[in-house]
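Q: Below: one structure in structure tokens.
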There are 2 protein chains.
Amino acid sequence: MDTELRKLGQRARQVARHMRTMGTNTKNEALKAISGTLLDRQGDILDANARDLEAGQKAGLDGHMCERLMLNESRLQGMARDVLSVAALPDPIGVSFDARTLPNGLRISKRRVPIGVIGVIYESRPNVTVDIAVLCLKSGNAAILRGGKEATHSNRALAKAVSAGCEKAGVPGETIQLIRSQDRALVKEMLRANHYIDMIIPRGGAGLHQFAIENATIPVITGGIGICHIFVDQSADPEKAPPIVYNAKVQRPTVCNALDVLLIHSAVADSLLPKIAHALAQAEVELRCGPRAINILKAHPLAKAAGPDDFDTEFLSLVLAVKVVDSLGDALEHIDEHSTQHSDAILTQDYGHAMRFVDAVDSAAVYVNASTRFTDGGQFGLGAEVAISTQRLHARGPMALQELTTYKWVVLGDGQIRA
Amino acid sequence: MDTELRKLGQRARQVARHMRTMGTNTKNEALKAISGTLLDRQGDILDANARDLEAGQKAGLDGHMCERLMLNESRLQGMARDVLSVAALPDPIGVSFDARTLPNGLRISKRRVPIGVIGVIYESRPNVTVDIAVLCLKSGNAAILRGGKEATHSNRALAKAVSAGCEKAGVPGETIQLIRSQDRALVKEMLRANHYIDMIIPRGGAGLHQFAIENATIPVITGGIGICHIFVDQSADPEKAPPIVYNAKVQRPTVCNALDVLLIHSAVADSLLPKIAHALAQAEVELRCGPRAINILKAHPLAKAAGPDDFDTEFLSLVLAVKVVDSLGDALEHIDEHSTQHSDAILTQDYGHAMRFVDAVDSAAVYVNASTRFTDGGQFGLGAEVAISTQRLHARGPMALQELTTYKWVVLGDGQIRA
């Protein structure tokens, strides 16, 4: 194993051991100090970011990527505020649950404890460095971060500020450690460092997730990719359906919980689909239509025939695939076949159909009569999130502080032995 | 991918989809039918088992292995009874939790759902075939099983009985599928069949677990291995300590929650260690002692100096490593260094020491004043267990029905859109 990685791993294990019994007050003091340090070091951080931006422009990074990479005074202030709001969240560690007394008098319960060392592999946005670091700190975990090459200087400056804040509050600066080497082979080694890392969160595109699944010996949380469906049922409220579809598609099209596929019942497609298309036209949403849908929308300037992949594509842009179906059953079959198990909705006034959809659709979040855009830690009232999981073990959907914990069984006795 | 495995995988996915919405009554009817079928087919099952035993004896299987492999009338009746007791357990599927109404009126909750398809790789004991099959069925999962070569005929006969029972109750027989091929390469393929299998449970020795971790692209539940510690503190009740240590070591030495290492505080070692050793001598427990312990036990006929690996060995037999330490801190350090994160106990009358031990020891189960032998689904009141997890994600400690489930978020609205 690479020497840097082993050193980081050993140090992370030591720190994680220390953090297991760290009190809430200490962690919150560290968070407040980090918030302050981010502002105090604004000059250094923005200088480092300017170097990354300059290098990025030379390397031909497109405008969208530069925008993601860019920090400024107001973004830094936002980051500092977000750190304070994590300090204000309840501490998940130490919470007891499923407590009971057994017939033999043993008092057993589960107690929430930190996972240990969290490894995160992410791409260009430097604010992820701070987001992850503070959520790991609050949940009592040590973090080993591997950021994108484009943000090298920004990430180092931010990580330094976080470590300095920790140390001001008497918390080890190595609570968060950034891998300095940009050697790509290191990612693979990191994924196999199961002696030092307990969970891997990849934050990036499908390629990164697939690479992590293929190579990791450490449990991986996959997610962040969603082909989201809305099924407009025969009984959908014709007034509410267009704004919900509009919101799910348009409010922020570049994120994983944005709508990708609209399914509409044939009994209402003639009347309702043109209305929905009209609403979407205000945001110039392109419609990729199945044969029956294009027949209804043939006069619509932004409608065209769907290609072979359009019902299996996460568009991340103002494009929507549209298909007419003949029944709830057909809609369920389509979703089951094309699902990424992220977020899917039914719009209906029919109680039985709502229940059947909720029962049958096997996604992280299943909606009745609401926009898919709510699948988010903040929106669900969980506080900040580290990722949205679309895998099935440990956690599904938004992963916030509680999802960065595990539990141990605590068994209190007074001499019990097993018969 | 191997053709048999792909066929099994595709069928398991279909069955799992069907099982997602299967009612509790249907599942319980199937369990009752399975219990009956096991008894009805007793002749076939015992004949198949006799063939395995004969082949095993020819192949030189030792007495212990033959004993594990052997079925008889009374064992089959026990299995049939166990299936009925699974029918009597509450169904974990459909339970709602963490329900709340958000300020915007959205009603959100988590709902327990099956994981999907569970893959299990196990060794010689044929009863595992039935145990796993019925727990998967009750929790709404399909199962793909790969049993040991020694039990081929027994496993096939048992799997047939389970499938026949399912079909009697109108549940697809492929709820449980046994891989017929004994090609070892298939295990590796199974570990990478992430399109078809959602979770892998290896049940076997450390080698199997390591192989699964190294090769799986599917999440693996590791466990079943425990180097368990008891620390006898200075203030331990001198009357209760010997029976607890005796129980933890002797009651069933071949299992993972049996005691392996005794740590004892130096202030009471002179008085208490000989008493404990005397108790253990009744079961002829061999003591592998550190230098200070051997000094105290030099007259004890079964005490000898510990070798270099004795504090890192799961003995699974009547052997115990013994070490004298000078403080709770030293005990915690020893446990942290040698832990397999299974089950560890402190015997103490000191409240502060008990709390400190519970806080600091990072194991699946942490005990005060009780035997480590209680780490068990049945003992914890969870019903039958599929495994004991010593990894950190998804589930820790005994894994029963609830640990074979995941959840989805259900979000009920009346037109909400995100601002």
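The values are calculated or read from the model by the stated rules, or taken from the named source; none is laboratory data. All values derive from a computational prediction rather than experimental measurement. Every residue, glycine among them, receives a Cβ derived from its backbone with ideal geometry; neighbour counts consider all protein chains shown.
Q: Quick check on segment A:391-401. Is at least one of its residues of a type outside the set (Ser, Thr, Tyr), part of a strand (DSSP E or B), surrounded by 24 or more Cβ atoms within 10 Å (Cβ to Cβ) and in contact with a Ser or Thr (Cβ under 9 Å, 6 or more places away or on another chain)?
A: So the first thing to find is which residues in segment A:391-401 are of a type outside the set (Ser, Thr, Tyr), and the list is A:391-401.
Adding the requirement that they be part of a strand (DSSP E or B) leaves A:397-399.
Pick out the ones that are also surrounded by 24 or more Cβ atoms within 10 Å (Cβ to Cβ) and you get A:397-398.
Next, from what is left, pick out any that are in contact with a Ser or Thr (Cβ under 9 Å, 6 or more places away or on another chain): A:397-398.
There is at least one residue in segment A:391-401 that is of a type outside the set (Ser, Thr, Tyr), part of a strand (DSSP E or B), surrounded by 24 or more Cβ atoms within 10 Å (Cβ to Cβ) and in contact with a Ser or Thr (Cβ under 9 Å, 6 or more places away or on another chain).
Q: From B:16, B:33, which residue is more than 14 Å from chain A (Cβ to nearest Cβ) and in a helix (DSSP H, G or I)? Please lay out each step first, then the result.
A: On the way: B:16 fails: more than 14 Å from chain A (Cβ to nearest Cβ).
The match here is B:33.
Q: Which of the residues spanning segment A:78-100 are part of a strand (DSSP E or B) and either crowded, with 19+ Cβ neighbours inside 10 Å or more than 10 Å from every other protein chain (Cβ to nearest Cβ) (or both)? Write out each step before concluding.
A: Step one: filter segment A:78-100 for residues part of a strand (DSSP E or B), giving A:96-100.
Residues satisfying the conditions are A:96, A:97, A:99.
Q: May I ask you to say which residue of B:377, B:413, B:397, B:383 is small (Gly, Ala, Ser) and free of Cβ contacts under 8 Å to residues at least 24 places away in the same chain?
A: Values: B:413 fails: free of Cβ contacts under 8 Å to residues at least 24 places away in the same chain; B:397 fails: free of Cβ contacts under 8 Å to residues at least 24 places away in the same chain; B:383 fails: free of Cβ contacts under 8 Å to residues at least 24 places away in the same chain.
Matching residue, one of B:377, B:413, B:397, B:383: B:377.
Yes/no matrix, rows are residues, columns are (1) under 30 Å from residue A:376 (Cβ atoms); (2) of a type outside the set (A, V, I, L, M, F, W, C):
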{"site": "B:369", "(1), (2)": "no, yes"}
{"site": "B:377", "(1), (2)": "no, yes"}
{"site": "B:380", "(1), (2)": "no, no"}
{"site": "B:391", "(1), (2)": "yes, yes"}
{"site": "B:395", "(1), (2)": "yes, no"}
{"site": "B:401", "(1), (2)": "no, no"}
{"site": "B:417", "(1), (2)": "yes, no"}
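Q: Do the conditions hold for residue A:103, that is, is it assigned by TED's automatic domain parsing to the domain that holds residue A:130, more than 30 Å from residue A:191 (Cβ to Cβ), within 24 Å of the chain's Cα centre (by Cα) and part of a loop (DSSP other than H, G, I, E, B)? Can you show your working first?
A: Values: assigned by TED's automatic domain parsing to the domain that holds residue A:130: yes; more than 30 Å from residue A:191 (Cβ to Cβ): yes; within 24 Å of the chain's Cα centre (by Cα): no; part of a loop (DSSP other than H, G, I, E, B): yes.
For residue A:103, the condition - assigned by TED's automatic domain parsing to the domain that holds residue A:130, more than 30 Å from residue A:191 (Cβ to Cβ), within 24 Å of the chain's Cα centre (by Cα) and part of a loop (DSSP other than H, G, I, E, B) - is not met.
Q: Follow-up question, since we're still on this one. Anything in segment B:336-350 that is touching a Phe, Trp or Tyr at 6+ places or on another chain (Cβ under 9 Å) and crowded, with 23+ Cβ neighbours inside 10 Å? List them, or say none.
A: Within segment B:336-350, B:343, B:344, B:345, B:346, B:347, B:348 qualify.
Q: Considering each of B:197, B:218, B:213, B:201 in turn, give the residue that is within 12 Å of chain A (Cβ to nearest Cβ), out of contact with any Pro (no Cβ under 6 Å at 6 or more places or on another chain) and assigned to a helix (DSSP H, G or I).
A: Details: B:197 fails: assigned to a helix (DSSP H, G or I); B:218 fails: assigned to a helix (DSSP H, G or I); B:201 fails: assigned to a helix (DSSP H, G or I).
After ruling out the rest, the residue left standing is B:213.
Q: Hey, another quick one. Kindly indicate whether residue B:74 is loosely packed, with under 15 Cβ neighbours inside 10 Å and closer than 20 Å to residue B:384 by Cα. Show your work before the answer.
A: Working: loosely packed, with under 15 Cβ neighbours inside 10 Å: yes; closer than 20 Å to residue B:384 by Cα: yes.
Against the criterion (loosely packed, with under 15 Cβ neighbours inside 10 Å and closer than 20 Å to residue B:384 by Cα), residue B:74 qualifies.
Q: Continuing with this model, one more query. Checking the structure you have, find out if any residue of segment A:353-363 is closer than 22 Å to residue A:275 by Cβ and either within 7 Å of chain B (Cβ to nearest Cβ) or in contact with a Lys or Arg (Cβ under 8 Å, 6 or more places away or on another chain) (or both).
A: For segment A:353-363, residues closer than 22 Å to residue A:275 by Cβ and either within 7 Å of chain B (Cβ to nearest Cβ) or in contact with a Lys or Arg (Cβ under 8 Å, 6 or more places away or on another chain) (or both): absent.
Q: If I go through segment A:390-409 residue by residue, how many of them are of a type outside the set (D, E, K, R), at the interface with chain B (Cβ under 10 Å from one of its Cβ atoms) and either over 12 Å from the mean Cα position of the chain (by Cα) or over 15 Å from residue A:366 (Cβ atoms) (or both)? Don't jump to the end; show me each part of the working.
A: Kept after step one, since they are of a type outside the set (D, E, K, R), are these residues of segment A:390-409: A:390-391, A:393-395, A:397-402, A:404-407, A:409.
Adding the requirement that they be at the interface with chain B (Cβ under 10 Å from one of its Cβ atoms) leaves A:391, A:393-395, A:397-398, A:402, A:405-407, A:409.
So of that shortlist, the ones also either over 12 Å from the mean Cα position of the chain (by Cα) or over 15 Å from residue A:366 (Cβ atoms) (or both) come out as A:391, A:393-395, A:402, A:405-407, A:409.
Of the residues in that region, 9 qualify.
Q: Can you tell me which condition residue B:225 does not meet? The list is (1) of a type in the set (A, V, I, L, M); (2) closer than 13 Å to residue B:390 by Cβ; (3) facing chain A (nearest Cβ under 10 Å); (4) in contact (Cβ under 8 Å) with a residue 40 or more places away in the chain, and all the others hold.
A: Status for residue B:225: all satisfied but (3).
Q: Next question. Take the conditions surrounded by 24 or more Cβ atoms within 10 Å (Cβ to Cβ) and of a type in the set (Ser, Thr, Tyr) and apply them to residue A:152. Does it pass?
A: When the stated conditions are applied, residue A:152 does not pass them.
Q: For residue B:207, state whether it is out of contact with any Asp or Glu (no Cβ under 9 Å at 6 or more places or on another chain) and buried (at least 21 other Cβ atoms within 10 Å of the Cβ). So that I can check it myself, show each step before the final result.
A: On the way: out of contact with any Asp or Glu (no Cβ under 9 Å at 6 or more places or on another chain): yes; buried (at least 21 other Cβ atoms within 10 Å of the Cβ): no.
When the stated conditions are applied, residue B:207 does not pass them.
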